[in-house]
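Some notes on the structure that comes next.
Read the figures in this text as sums done on the coordinates, not as results from a lab. Predicted model, so just to flag it, every value in this text is computed and none were measured. Quick reminder, even Gly has a Cβ in these numbers, built from the backbone with ideal geometry, and neighbours come from all protein chains shown.
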Amino acid sequence: MKHHLLACIFMVTMATTSTAAPSGISYNEDKTPKLDLPDPLKGVQDAKSWPARRTEIFAMIEDQMFGKAPEFDKKSMKVTRKIPDRIFLSGKAVLSQPALHFAGCNVQLMIVRPADTREPVPAFLAYNFRGNHTVHQDPAIALASGWVPRTKGNKASEDHRGQSSPRWDIQKIIEKGYALVTVYCGDVDPDFHDHFKNGVHAKYGKPDAGQWGTIAAWSWGLSRILDYLEDEPAIDAKRVAVMGHSRLGKTSLWAGASDTRFALVISNNSGCGGAALSKRRFGETVHRINSSFPHWFCDNFKKYNNKEDILPFDQHMLLALVAPRPLYVASAEKDQWADPRGEFLAAKGADPVYRILGTEGLPADSMPAVNKPVHGRIGYHIRSGKHDVTSYDWKQYLAFADKHLKKKGQ
Ligand code: GTR
């Protein structure tokens with residue numbers, strides 16, 4: 001009996017500590033401010049009047065949050081192919097590793113495509129956090145060459161080969177007829193604050209408060225990779241889904257907003273600064289993200305530290321910039337830091353824009369139950385488990401891509 005009581009106390013303590021919020025952070029739904037979201041459709045009567053409003057929203061989010069990225073002349077990019085193509089996944093796929101050289105950066109691509117087709121295939125384009133070699137254990141994958149976080153001496157090593165492979169369902173991606181294009185985000189901009197001296201910022205600098213942070217630099221890098229994919233015969237560049245997890249999910253959303261060539265946009269657990277509404281102040285806040293990662297957004301965004309109420313936009317308007325292209329927002333039940341409800345409400349807040357543009361939007365009146373995905377023109381799910389990318393997530397993305405990217409030229 002005594003043991004049983006102790007066990008209960010222990011379990012209650014564990015449950016409380018595992019959901020306890022860090023100091024200054026709230027995980028309490030009752031404490032979220034009453035939501036008064038700006039209307040993405042302000043002044044819009046029909047589909048025809050949306051583009052002007054879209055331009056206005058884009059300019060506001062660019063200037064106040066992510067920062068402006070420079071123009072790019074595609075002709076200035078060089079491509080080298082020092083690593084020969086190889087058979088991959090026991091003959092089911094081909095691995096190619098061209099390197100792109102632009103804006104002073106060497107960007108190593110890893111492209112895995114189905115071996116059994118000569119037709120250009122649709123693709124998922126997604127950054128990885130610590131090098132292409134972490135995505136799969138195959139020794140043919142080049143080690144990342146630059147600064148890598150959370151490694152000895154900030155150098156890539158064989159020890160990390162395949163370390164993040166559970167996050168990459170390459171086998172399924174290939175079986176379903178898609179290619180995977182992945183790149184280490186640090187090849188474009190290393191993820192630490194060096195006052196805008198490394199990565200692509202070294203070439204373009206940071207002249208003012210509205211100038212691009214690292215997330216905008218990464219997003220811009222995704223567009224440069226898409227520039228390359230337009231000339232890559234194995235890939236159908238009109239059917240590229242841009243996908244990202246967490247900080248890289250914030251990145252995929254901004255890439256999808258900035259570059260309408262991306263045919264489908266996926267945000268996996270992107271949270272604050274991504275799909276989650278800032279004005280809810282649930283989980284990570286604007287102040288917290290700007291303090292922990294001062295290099296991610298432009299300096300103007302710091303004006304909203306602890307002042308989310310004066311933000312002239314919220315993240316539903318970022319999501320609306322993807323409309324009418326298919327958009328997927330995914331949350332995880334235990335990922336309170338990323339505010340799953342705020343992610344759902346932002347997707348729901350983008351729905352009127354999708355509808356005025358004649359699409360189905362997000363066909364869910366209230367937040368779907370855990371592990372019950374909803375796939376409209378906007379897709380949403382909250383899965384069980386923690387902040388991560390799992391095969392459950394990929395299963396949904398593949399079904400969603402099948403629904404929206406199956407036909408050529410979509
Ligand atoms: C956290 C950060 C989140 C999210 C995450 C990640 O530390 O607070 O906004 O981006 O990192 O990228 O893994």
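Descriptive notes on the structure:
- With bins 10 Å wide beginning at 0, the percent of Cα pairs of the range 203-254 falling in each bin runs 22, 43, 28, 6, 0.
- Taking each of 75/348; 307/348; 68/406 in turn, the alpha-carbon distance tops 30 angstrom for 75/348; 68/406.
- Dividing the convex hull volume of the alpha carbon atoms of the range 234-368 by its residue count gives 119 Å³ per residue.
- Out of every Cα-Cα pair that the range 129-240 contains, those further apart than 25 angstrom amount to 32 percent.
- Three principal axis extents describe the C-alpha atoms of the range 27-126; from largest down they are 56, 38, 33 Å.
- Pairs of lysines in the range 113-258 whose Cα atoms sit within less than 29 Å of one another amount to 16, provided the residues are eight or more positions apart or on different chains.
- GluC sites (Glu not before Pro), loop per DSSP, at most 16 other Cβ atoms within 10 Å - longest free stretch of the chain: 72-229
- Grouping the Cα pair distances of the range 94-149 into 10 Å bins from zero gives a pair-distance distribution of 19, 51, 26, 4 percent in increasing distance order.
- Positive contributions from Lys and Arg (+1) and negative ones from Asp and Glu (-1), summed over other residues with Cβ under 14 Å from the Cβ of residue 75, come out at -2.
- Using alpha carbons only: equivalent-ellipsoid semi-axes of the range 27-73, gyration tensor based, whole Å: 28, 20, 7
- Scaled against the 2.2 N^0.38 Å expected of a compact globular protein of N residues, the Cα radius of gyration of the chain reads 0.97.
- Long hydrophobic helices in the chain, taken as whole DSSP H segments with a C-alpha length of 15 Å or more on their own axis and mean Kyte-Doolittle hydropathy at least 0.5: 2-19, 214-229.
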